[in-house]
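Asker: Below is the structure I would like to discuss, written out as structure tokens.
Please treat every number below as a calculation from the coordinates, not as lab data. It should be emphasised that the depicted structure is a prediction, and the values quoted were computed from it without experimental measurement. In this analysis, Cβ positions are derived from the backbone assuming ideal geometry, glycine residues included, and neighbour counts consider all displayed protein chains.
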Amino acid sequence: MVFTLFKIRLKSVINGLLSGSKKKAVSGGRKVLFGILLIYVLVVFLGLSAAICALMCQAFYPIGYGWLYFALVSIFAFLLCFIGSVLATGSQLYNSKDNQMLLAMPVKPGDILASRMLVLLLENYLYAGVILVPAGIVWCIFCPVTVMGAVLYIVSSLLLPFLSLTLSCLLGWVIAAVSSRMRRKGIISAVIYIAFFVVYFQFCTNITNYINDLVANGEVIAAAVRKALFPMYHFGIAAAEGNLLSFVFFALCAVVPFAIVYFVLSRNFISIATANRGTAKVKYKERAVKASSSSLALLKKEIRHYMANPMYIMNASIGAVLMVVLAGYLLIKNGDLTAIAGAVPEMEGIIPGIVCAGLCMCAAMVIVSAPSVSIEGPNLWLVKSLPVETEDVLMAKVNCHIVVTEPFAILSAALASIALKTNVLETVLMFLLPTMFVVFGALFGVVINLKFPKFDWISEVHCIKQSAASMITMFGMMALVIVEAVLYLFVFSSFLSLDIYLAAVAVVMAAGAFGMYAWLKGGGCRTFDAL
Amino acid sequence: MLRIENLSKSFGQKKAVDDLSLHINPGEIYGFIGHNGAGKTTTIKSVCGILKFDRGEIYINGKSIKTDPMACKMDMAYLPDNPDLYEFLSGIKYLNFIADIYGVDAKTRQERIKKYGDMFELTGDLGQPVSAYSHGMKQKLAIISALIHDPKLMVMDEPFVGLDPKATHLLKQVMREKCDRGHAVFFSTHILEVAEKLCDKVAIIKGGRLIASGSMEEITKDDSLEDVFLELTE
């Protein structure tokens with residue numbers, strides 16, 4: 001039974017990634033496209049991970065702290081698993097729409113829970129693999145490897161996600177219970193998540209400093225890890241030294257809490273899944289209502305949908321926050337940049353251009369419009385039956401993306417311009433180029449979603465986080481920034497100044513945006529009408 | 001008010017509606033009955049401009065849904081069989097959204113929200129998010145939203161499902177009042193007793209084809225609607 005439920009659940013997740021509308025089967029082209037995307041993501045993330053691991057490995061192994069390397073690797077993997085799954089856990093385990101249907105069938109609640117946990121475990125393995133696989137390979141390259149150490153590292157790596165899953169199951173439950181009682185839960189949850197992400201970003205940008213500190217204060221840090229993070233300490237000892245006792249200790253730390261959490265949750269699954277966590281009843285007080293135009297009403301509806309769902313805000317708008325974080329960081333660390341520019345004369349004129357490209361990369365990560373068609377889901381009949389032009393419906397989705405992103409682009413451009421003391425042309429580009437990316441991304445998201453719609457989702461999370469449209473839009477936009485950077489470096493840098501090149505990019509982006517707008521007005525409307 | 005001429009719609013090889021023609025005059029309550037999968041919802045969705053159809057024409061108040069969908073939609077309201085509404089909005093925000101789309105001025109919408117909100121005992125819950133509503137409350141909200149622009153034609157798919165007896169009675173009353181003012185109502189139902197008592201005319205559909213239509217007296221003669229329906233759809 002668990003396996004049957006697991007298969008259905010997994011199929012739903014995979015379908016969420018691959019399939020379009022429920023009327024169509026997954027085409028070969030879509031599979032190829034998804035495969036290319038997957039390879040692109042793997043190469044980028046595995047490469048980054050390998051680079052950081054190599055840095056740590058070369059720092060720790062020579063001073064006899066091999067175990068600390070593995071301990072830190074396990075901490076990073078644990079954090080990535082936790083961040084990746086904690087938000088999805090609540091919706092997948094406790095608030096899934098098919099909970100009540102399954103509970104009405106002769107299926108043990110524990111089996112339903114186990115099948116859901118297995119899918120989450122699989123997701124955790126993917127997250128953990130991004131760090132643990134390159135970490136293992138890097139260790140093999142730079143350090144001597146024992147058979148026992150390798151075996152224990154592999155088995156410990158397979159057990160590590162149980163730790164994060166245990167914690168995310170518990171926290172997911174708390175988040176689901178607390179957030180469902182809050183009004184404005186979308187914004188509150190998003191603020192918490194963003195605060196967490198800012199801390200994480202700060203950590204990542206300072207990783208070299210931290211590693212230097214770790215090396216300088218190795219003994220102190222090692223003692224702290226040994227004391228406070230003992231499962232990770234034993235993970236490190238088991239992998240680095242092939243210590244069987246430490247492995248057993250780590251395995252117990254990973255499996256026993258998981259078993260307890262599973263036991264407790266399966267016992268209470270019915271009450272958790274069927275609990276009415278409604279918000280406190282708000283008595284309606286009659287007051288004057290305001291009329292708006294239908295275009296404004298559609299835009300307000302889109303913005304309210306976006307604001308109401310924390311998963312939507314967190315997954316679609318993290319790039320907007322990163323823009324401000326990047327610009328704020330520049331403002332604070334202005335002295336460092338001046339020093340770099342002074343030390344490397346070639347950098348002097350191009351730092352504003354690089355920062356501008358960085359802001360564009362962040363803007364490219366915003367995918368508010370990418371799931372906006374799919375997210376209509378069961379409400380699609382409403383916009384189709386109402387007397388509104390399809391063009392207005394689609395443009396409301398485009399405009400929502402722009403309205404919720406552009407203030408961040410303007411703020412970050414202003415901060416960056418102040419920090420870098422840019423000249424007039426650089427300032428104009430600093431404002432113009434990220435804005436062009438915001439507008440381009442808004443149109444691109446809707447175009448891609450019309451090509452890859454998905455309405456048979458169980459939870460909105462599926463079409464926001466796991467749909468083909470969201471992934472293609474995000475990675476497509478990021479690839480666009482990379483291609484433009486590569487083109488400059490290898491083709492245009494020899495005869496064009498960076499400022500002129502960026503201005504040309506803005507023109508090309510504007511032309512592309514206009515092309516997509518023209519398509520949305522014609523073919524896009526027809527595609528939407530046919531959905 | 002509503003003229004359906006030779007409507008045909010297929011899904012792949014399956015003909016959902018086959019050469020269906022119906023005329024509904026102002027002031028009429030027109031019932032649409034048939035087995036599950038007979039083509040009722042497909043017909044209704046085609047009328048409302050949700051589904052594109054293969055052949056035929058649909059005119060609402062003299063305007064074609066094919067060539068002038070906006071004007072047609074302005075004149076009518078659609079109530080689906082399952083009220084999937086915007087759950088991220090509160091009841092009042094949902095009604096305001098619908099009123100904005102139909103261009104209902106602030107004063108009129110306020111009056112109608114008050115009138116129908118009180119009538120269906122939903123006013124006190126309008127501040128709640130739609131996600132907190134029961135099925136019946138969502139159905140009531142959908143009914144109020146359908147009435148907010150005082151449509152000339154109401155097209156409803158199983159409107160009584162999920163309503164409590166009082167709300168059912170009130171909806172029937174509203175339907176009759178609207179028709180007395182020269183508006184028209186076209187609705188599908190499986191509750192034949194309701195159709196028999198409420199409708200001026202009735203149409204029976206089977207396998208996508210219209211097998212009977214006319215005034216209640218013409219269709220039933222001396223039998224009950226249930227007997228006639230069962231005999232015709234055997």
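Asker: How charged is the neighbourhood of B:ASP18? Take every other residue with its Cβ under 14 Å from the Cβ of B:ASP18, and add Lys/Arg as +1 and Asp/Glu as -1.
Answerer: After counting each charged neighbour, the total is +4.
Asker: Given labels modelled 7 Å from the Cα in the Cβ direction, how far is it in nm from A:LEU170 to B:GLU218?
Answerer: Rounded to a tenth, the inter-label distance reads 7.3 nm.
Asker: Arranged by the count of other C-beta atoms within 10 angstrom, fewest first, what order do A:LYS7, B:LYS14, B:LYS138, B:LYS63 take?
Answerer: Ranking A:LYS7, B:LYS14, B:LYS138, B:LYS63 by Cβ neighbours within 10 Å, fewest first, gives B:LYS14, A:LYS7, B:LYS63, B:LYS138.
Asker: Averaged across the residues of B:95-105, what count of C-beta atoms belonging to other chains lies within 10 Å of each residue's C-beta?
Answerer: Mean partner-chain Cβ count within 10 Å for B:95-105: 6.
Asker: Taking the alpha-carbon distance from A:LYS421 and a cut-off under 30 Å, which lysines remain once sequence neighbours fewer than 8 residues away in the same chain are dropped?
Answerer: Leaving aside lysines fewer than 8 places away in the same chain, those within reach of A:LYS421 are A:LYS333.
Asker: Next up: Could you check the spin-label model distance between A:VAL264 and B:HIS35? Points 7 Å from the Cα along Cα→Cβ, value in nm.
Answerer: Calculated label separation equals 5.5 nm.
Asker: I want to check the label-to-label distance for B:ARG55 and A:LEU33. Put each point 7 Å from Cα in the C-beta direction and report it in nm to one decimal.
Answerer: 3.5
Asker: Same structure again: Counting only other chains, what is the mean number of Cβ atoms within 10 angstrom of the Cβ of each residue in peptide B:124-137?
Answerer: The shielding value for this peptide is 3.
Asker: Determine, for B:ARG176, A:ARG116, the number of other Cβ atoms within 10 Å of each Cβ, and report the residues in order from fewest to most.
Answerer: B:ARG176, A:ARG116
Asker: Return the average number of partner chain Cβ atoms within 10 angstrom of each residue Cβ along peptide A:366-376.
Answerer: Whole-number average of other-chain Cβ neighbours for A:366-376 is 0.
Asker: Residues with amide H under 5 Å of B:GLU28's amide H, sequence separation 5 or more or different chain, H placed in the peptide plane at 1.01 Å from N; which?
Answerer: Hits under the 5 Å cutoff: B:VAL185.
Asker: Next question, about the same structure. Rounded to the nearest 500, what is the 222 nm mean residue ellipticity of the protein assembly as shown from helices alone, with -39500 (n - 2.57) per DSSP H run of 4+ residues and division by all residues?
Answerer: -21500 deg cm²/dmol
Asker: Still on this structure, please answer the following. Taking the Cα of B:LYS115, stepping 7 Å toward and past its beta carbon, and measuring to each backbone N in region B:161-188: which are under 16 Å?
Answerer: Taking a point 7 Å out along Cα→Cβ of B:LYS115, the residues of region B:161-188 whose backbone N falls under 16 Å are B:170-184.
Asker: Ok, one more. Once you list every other residue whose beta carbon is under 13 Å from the beta carbon of B:PRO83, what net charge do they have if Lys and Arg are +1 and Asp and Glu are -1?
Answerer: Once all neighbours under 13 Å are counted, the net charge is -3.
Asker: Moving on to the next point. How much of the DSSP beta bridge set in region B:82-234 is antiparallel, as a percent to the nearest 5?
Answerer: Around 60 percent of the beta bridges assigned by DSSP in region B:82-234 are antiparallel ones.
Asker: While we're on this one: Where a Cα-Cα gap under 18 Å defines reach, which aspartates and glutamates qualify for B:LYS172, not counting those fewer than 8 residues away within the same chain?
Answerer: B:GLU28, B:ASP81, B:ASP118, B:GLU121, B:ASP150, B:ASP157, B:GLU158, B:ASP164, B:ASP180, B:GLU193, B:GLU196, B:ASP200
Asker: Given a 10 angstrom Cα cut-off, can you work out which residue in B:PHE53, B:PHE186, B:PHE11 is the most mobile in a GNM of chain B?
Answerer: Of the options given, B:PHE11 has the highest mean-square fluctuation.
Asker: Here's another thing I want to ask about it. Based only on other Cβ atoms within 10 Å, what is the fewest-to-most ordering of A:PHE514, A:PHE70, A:PHE34, A:PHE528?
Answerer: The fewest-first ordering by Cβ neighbours comes to A:PHE514, A:PHE34, A:PHE528, A:PHE70.
Asker: Mind checking which lysines have their Cα closer than 21 Å to the Cα of A:LYS285? Skip sequence neighbours fewer than 8 apart in that chain.
Answerer: Once the sequence-local lysines are set aside, what remains near A:LYS285 is B:LYS93, B:LYS107, B:LYS114, B:LYS115, B:LYS138, B:LYS140.
Asker: With a Förster radius of 35 Å, plug the Cβ-Cβ distance of A:LEU103 and A:LEU331 into 1/(1 + (r/R0)^6) and report the FRET value to the nearest 0.05.
Answerer: It comes out at approximately 0.05.
Asker: Something else: Convert each backbone phi in region B:160-165 into a coupling constant with the Karplus relation 6.51 cos²θ - 1.76 cosθ + 1.60 (shift: θ = phi - 60°), then list the ³J(HN,Hα) values in order as whole Hz, x for Gly and Pro.
Answerer: Here the 3J(HN,Hα) series is 8, 5, x, 8, 6, x Hz.
Asker: Starting from the exponent 0.38 and prefactor 2.2 Å, build the expected Rg for chain B from its residue count and divide its actual Cα Rg by it.
Answerer: So chain B has a normalised radius of gyration of 1.00.
Asker: Please report the antiparallel percentage of DSSP beta bridges with both residues in region B:130-216, rounded to the nearest 5.
Answerer: 55
Asker: Using a cut-off of under 16 Å, list every residue of region B:44-60 whose amide N is near the label point 7 Å from the Cα of A:ARG526 along the Cα-to-beta-carbon line.
Answerer: It comes to B:52-53, nothing else.
Asker: Taking the Cβ of A:ILE375 as the center, what net charge do the other residues with Cβ under 14 Å away carry, scoring Lys and Arg +1 and Asp and Glu -1?
Answerer: -1
Asker: Further question: To the nearest 20 debye, what is the magnitude of the charge dipole of the protein assembly as shown about its Cα centre, counting +1 on the Cβ of each Lys and Arg and -1 on the Cβ of each Asp and Glu?
Answerer: Dipole size: approximately 720 debye.
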